[in-house]
Amino acid sequence: MRQRVVRIGIALAVLAALGTAAVPALAQESALDRIAKSGVIKVGWAAWNPYMFRDTKTQQVSGLAVDVMKELAAAMGNVKIEWVEDSWATFVAGLQARKFDIFFPAVITLKRAMAIGFTDNISNTPTTILVRRSELAKYKKWQDSDQPGKKVVVTLGSRNDYYATLMFKRAQLVRVRDDSEAMLELLSGKADAYVGEVNSLLTRVKARPREVAMVRDTMILGKGSAAINRNDQAFLNWLNLWIQEMIQLGIFDKIYEKWGVVREINWEKFQEG
């Protein structure tokens, strides 16, 4: 009899614990409803030129992602955008803590997808390496930088950091705070190569055409999308519908063209200038 009472007591305790754990999940409000009520969408971002950066003259956020998020705000009923600056190393935690409603742009990785949610794919651009132009002849493919004694720089917490960690076996990876610091490492000779997304690296080539060059070889194809809280299915469904509408209306293509950014890279037709 006593064993039966103990079992019942344990069962009730388990049910109570499960019930308590389920309450927050059931009661959690979707960002979609929260934005509609407040009239404000909080957009997280980290520096990634030409997608998002702070204009040195005005100190205002600028870039392709600003135009995309303005389209999103208009589609949600002309809500106000509140820009929340973060970093590539911490933005996942920021989404989990609901520091912002959406983070854009972001590249999907398996590690990130374990903690946050991603919308449908918006663009496909490869990761490659940037090297000093004077040494370009040494690098026919990205693997030429993965050699003993070589130093390869990546931005801490970025998708490039994630992929480089998986793919580089012999070179030493040097992790820095942001893209500007990565460029300094490369230009000063402290690093032999800089891992980055093609469109971002292209802005570096255009700014310093005599000093740096891209290796036209794909390390891995990056799939760009928007990141949100993993458990917000209502917001995810709405965003995916919006993305499909933007694609069908050709609005993404116009914004990408305005910023000189391509959504699909064909190395045979690719032009640096």
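Below, the figures for the structure above:
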| quantity | calculated |
| --- | --- |
| Cβ-based charge dipole, the chain, positive-most Cα from V61, A31, S158 | S158 |
| Cross-link reach list, lysines versus K254, counting only Cα pairs under 20 Å and skipping chain neighbours closer than eight places | K70, K223, K269 |
| Using θ = phi - 60° and Karplus 6.51 cos²θ - 1.76 cosθ + 1.60, couplings along region 142-149 (whole Hz; Gly, Pro as x) | 4, 4, 5, 8, 8, 10, x, x |
| By average C-beta atoms within 10 angstrom, highest first, the peptides 170-177, 221-228 | 221-228, 170-177 |
| Dipole in debye (nearest 20) - the chain, about Cα centre, beta carbon charges: Lys, Arg +1; Asp, Glu -1 | 840 |
| Bins of 5 Å, starting at 0 and running to the largest distance - Cα pair percent for region 126-221 | 3, 15, 29, 30, 18, 4, 0 |
| In sequence order, calculated HN-Hα J values of region 49-60 (Karplus, 6.51, -1.76, 1.60; Hz; x Gly/Pro) | 5, x, 6, 8, 7, 9, 4, 5, 8, 9, 6, 8 |
| For the chain: Kirkwood Rh in Å [reciprocal of mean 1/r, alpha carbons] | 20.6 |
| Per-residue ³J(HN,Hα) for region 36-46, Karplus 6.51 cos²θ - 1.76 cosθ + 1.60, θ = phi - 60°, Hz, x for Gly and Pro | 4, 6, 8, x, 9, 10, 8, 10, x, 7, 9 |
| Too-long pairs where the Cα-Cα distance tops 21 Å, listed order kept, from K37/K80; K111/K151; K111/K150; K57/K190 | K111/K151; K111/K150; K57/K190 |
| Folded to 0 to 90 degrees: helix 233-249 orientation relative to the chain principal axis, Cα | 40 |
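Readers should treat all values here as calculations from the given coordinates under stated rules, not as data from a laboratory. Please read all numbers here as calculations on a predicted model, not as lab measurements. Here Cβ is always computed from backbone atoms with ideal geometry, including for glycine, and neighbour counts include all displayed protein chains.
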